[in-house]
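Let me begin by presenting the structure, written as C-alpha cells, before commenting on it.
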Amino acid sequence: MARMTWTFAPERVDTPDATALRRDYYDDVASRYWQRPATGAEIDEGLTNDGVELLTPPTGQFLVARYEGEAAGCGGVLLLDGERAELTRVFVRHAFRGKGGAGALLGHLEDAARELGMRRMVLNTRLDLVEARALYGRHGYAEIPAYCEGPYMDIWYGKDL
C-alpha cells in the first residue's frame, strides 16, 4: 500500500488555501468556545486585525501543511524578542487528524523558529482545547508562567529549541 505523504511549506497568509485554513481554524476554536457554531460574520470579525501579517520574515513565519497535495493544516511562529517565538494558529482540519500531521507540523514550525534565530518556543491556549494540550505535552512542551494575557488564554507552555 502506498504511504500517504505530508508536505510543509511557508506560504503567504492571504493565499486562497491559507485564508481558508485560517477561517477553519477560527471557526473551530470559536465554535468550541461558544459551544455553538460560529457565524460567518463572527469568523470575519475574529480574523479582522488579528496580526497575521506579522507571520512573515523577519517577524515570523506561516506554514501550510498538505496531505497528498490537499491543504490540511497550518501554523505560525511569531517572534516575541531576541530569543523567543510564539507558536500560534496551529490547526489540522478534522478530516486529516490522526494521520501524523500535527506532530510533523509542530516540528516544522520549530525548525522555522530556529531558522529565524530563536532559542525558545512559547504558546498559550485554552483548557478546553485538550487535543492541542496533549499534542504539546507529547512534544516536550511544559507549563510555564503566563508571559501574556488575554480573554482566551488559560494555560501557557514553553520549550527550549
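The values are calculated or read from the model by the stated rules, or taken from the named source; none is laboratory data. The shown structure was predicted, so the numbers you read here are calculated from the model rather than taken from an experiment. Here Cβ is always computed from backbone atoms with ideal geometry, including for glycine, and neighbour counts include all displayed protein chains. Only protein heavy atoms, including side chains, enter the accessible area calculation; ligands, DNA and RNA are left aside. Shrake-Rupley method; radii C 1.70, N 1.55, O 1.52, S 1.80 Å.
The share of alpha-carbon pairs in the chain lying farther apart than 29 Å comes to 12%. Among DSSP beta bridges whose residues both lie in the chain, state the antiparallel percentage, nearest 5. For the chain, the DSSP antiparallel bridge percentage is about 90. Whole number in Å², please: accessible area per residue of region 69-161, 1.4 Å probe, ligands, DNA and RNA not counted. Per residue, region 69-161 has an accessible area of 48 Å². For region 46-137, dividing the convex hull volume of the Cα atoms by the residue count gives 114 Å³ per residue. Region 5-27 and region 35-82 have Cα centres lying 7 Å from one another.
Taken about its Cα centre, the chain carries a charge dipole of about 580 debye when Lys and Arg each add +1 at the Cβ and Asp and Glu each add -1 at the Cβ.
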